[in-house]
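Take a look at the structure below.
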Amino acid sequence: PHLRTFGDDFQTCKVRGSWPLIDNKYLYVQVTNSPVLPGSLATATSKLTIIFKNFQECVDQKVYQAETDELPAAFVDGSRNGGDRHGANTLRIVEKMPGQHIEIQARYIGTTIVVRQVGRYLTFAVRMPEDVVNSTEDTENQGLYLCLRGCPQSERIDFRTFRARATESHVATGGGNRGSVSVEAFTYKSAMVKCKERLPVEDLYFQSCVFDLLTTGDVNFTLAAYYAFEDMKILHSNKDKFHIFERTGDLTPGNSAPGR
Amino acid sequence: CKILKCNSEFWATTSGTHHSGPERAPEFCTALRAYAHCVRRTARTCRGDLAYHSAVHGIEDLMSQHNCSKEGPTSQPHPRTSTPDSQERSDSPEICHYERSFHKHTAPPNYTHCGLFGD
């Protein structure tokens with residue numbers, strides 16, 4: 001999937017299997033990513049587990065779990081708030097669109113989470129205060145915490161090499177029909193035209209959309225990129241950073257920190 | 001599976017209002033609907049649990065016995081709370097309101113965003 005970190009780095013990562021997206025004193029979020037095509041390096045999120053750790057007289061520990069075609073509007077214990085403590089209502093789940101869009105408000109830590117299902121996969125977005133972000137248990141140990149430290153170098157996919165190959169070959173890998181998902185083979189040019197319908201600015205959300213159409217042929221990924229951008233606009237506090245672009249000439253593969 | 005919580009809440013609210021005859025006490029129907037709503041929320045975690053399934057059937061029987069409609073209020077009308085967001089009890093401890101407790105000490109917190117999507 002494509003990851004925009006708390007520091008506004010933008011990366012496309014393989015990270016197949018389960019990885020910790022957030023791991024701090026208050027919150028643990030784990031994503032499970034599956035290949036979008038048998039044997040493909042490209043993966044997308046098919047399962048999400050969120051653990052709200054118990055906190056003073058506010059909330060008991062609560063676990064939220066979502067997977068493809070199962071986006072519940074309740075925690076795994078059936079409740080929709082923080083339990084029986086005095087401040088329990090400062091944690092609550094709000095169903096925005098049944099089966100497609102839920103929001104979890106954790107007021108006791110100033111945090112808002114948005115989970116969607118778009119096509120066959122899940123998207124995740126979070127807004128969190130800086131001091132909560134940095135409240136990691138073990139500061140010296142550089143443990144995995146993708147939202148804070150990004151993907152390990154070995155897990156990154158570099159747009160540029162991929163794009164060079166895609167433009168040379170002129171035909172994308174996607175194509176044919178897979179189950180309930182209608183897919184078509186895109187060329188680099190037709191993928192750009194399709195993404196432009198929803199994402200007129202050719203920033204990294206646009207680039208992600210093109211990448212996804214070329215690797216899967218599944219137009220739902222156009223919506224996934226669009227909603228990711230919309231959720232970011234709602235959750236990000238600095239509108240000057242809404243659009244971020246590929247940094248030209250950056251040597252680090254797969255890392256598109258915000259360009260000028 | 002928290003079905004017993006639903007059961008106890010229902011019996012606690014209806015202990016004084018239960019009518020044996022078919023005439024329906026509106027508050028009894030309201031309590032039944034609240035009970036049904038509570039039981040529905042436990043569906044995922046209680047699937048296969050005998051207590052859950054007997055509660056579902058019991059509610060249906062009581063609903064038809066008392067001619068209660070499935071649609072309708074699930075709680076007695078409360079006097080409007082003055083707090084803007086009735087979901088959040090205004091008496092939650094201060095520590096449970098991050099922004100309020102933060103404001104007291106320093107400038108407003110700096111928020112950051114992280115997102116994961118696509119393939």
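Some points to look at:
- Residue check, A:Thr136 more than 13 Å from chain B (Cβ to nearest Cβ), surrounded by 15 or more Cβ atoms within 10 Å (Cβ to Cβ) and within 22 Å of A:Phe52 (Cα to Cα): yes
- Meeting the requirement of 1 or more residues that are of a type in the set (Gly, Ala, Ser), within 26 Å of A:Gly87 (Cβ to Cβ) and at pLDDT 75 or above, the helices (runs of 4 or more DSSP H) wholly within region B:1-98 are B:3-14, B:26-41.
- Residue check, A:Thr45 crowded, with 23+ Cβ neighbours inside 10 Å, within 23 Å of A:Val118 (Cα to Cα) and within 17 Å of the chain's Cα centre (by Cα): yes
- Looking across region A:96-117 at every residue that is surrounded by fewer than 22 Cβ atoms within 10 Å (Cβ to Cβ) and closer than 25 Å to A:Val219 by Cα, the one that is farthest from the other protein chains (Cβ to nearest Cβ) is identified as A:Met97.
- All conditions in (1) within 7 Å of chain B (Cβ to nearest Cβ); (2) crowded, with 19+ Cβ neighbours inside 10 Å; (3) outside any strand (DSSP E or B); (4) not charged (D, E, K, R) hold for A:His86, with the sole exception of (2).
- Count - residues of region A:141-158 that are out of contact with any strand residue (DSSP E or B) (no Cβ under 7 Å at 6 or more places or on another chain) and either modelled with pLDDT under 90 or not in a helix (DSSP H, G or I) (or both): 4
- The sole residue among A:Ala66, A:Ala74 that is part of a loop (DSSP other than H, G, I, E, B), at pLDDT 95 or above and hydrophobic (A, V, I, L, M, F, W, C) is A:Ala74.
- Residue count for region A:60-79, restricted to those that are within 8 Å of another protein chain (Cβ to nearest Cβ) and over 23 Å from A:Arg120 (Cβ atoms): 3
- Here A:Leu71 fulfils each of the conditions (1) among the aliphatic types (A, V, I, L, M); (2) in contact with an Asp or Glu (Cβ under 8 Å, 6 or more places away or on another chain); (3) buried (at least 17 other Cβ atoms within 10 Å of the Cβ) apart from (2).
- Within region A:2-25, residues that are among the aromatic types (Phe, Trp, Tyr) sit with their Cβ atoms under 6 Å from residues that are part of a strand (DSSP E or B), at 6+ positions apart or across chains, in these pairs: A:Phe6/B:Thr112; A:Phe6/B:Cys114; A:Phe10/A:Arg4; A:Trp19/A:Val31.
The values are calculated or read from the model by the stated rules, or taken from the named source; none is laboratory data. Keep in mind it's a predicted model, so treat the numbers as computed, not measured. Methodologically, a virtual Cβ is constructed for each residue, glycine included, from the backbone with ideal geometry; neighbour enumeration extends over all protein chains shown.
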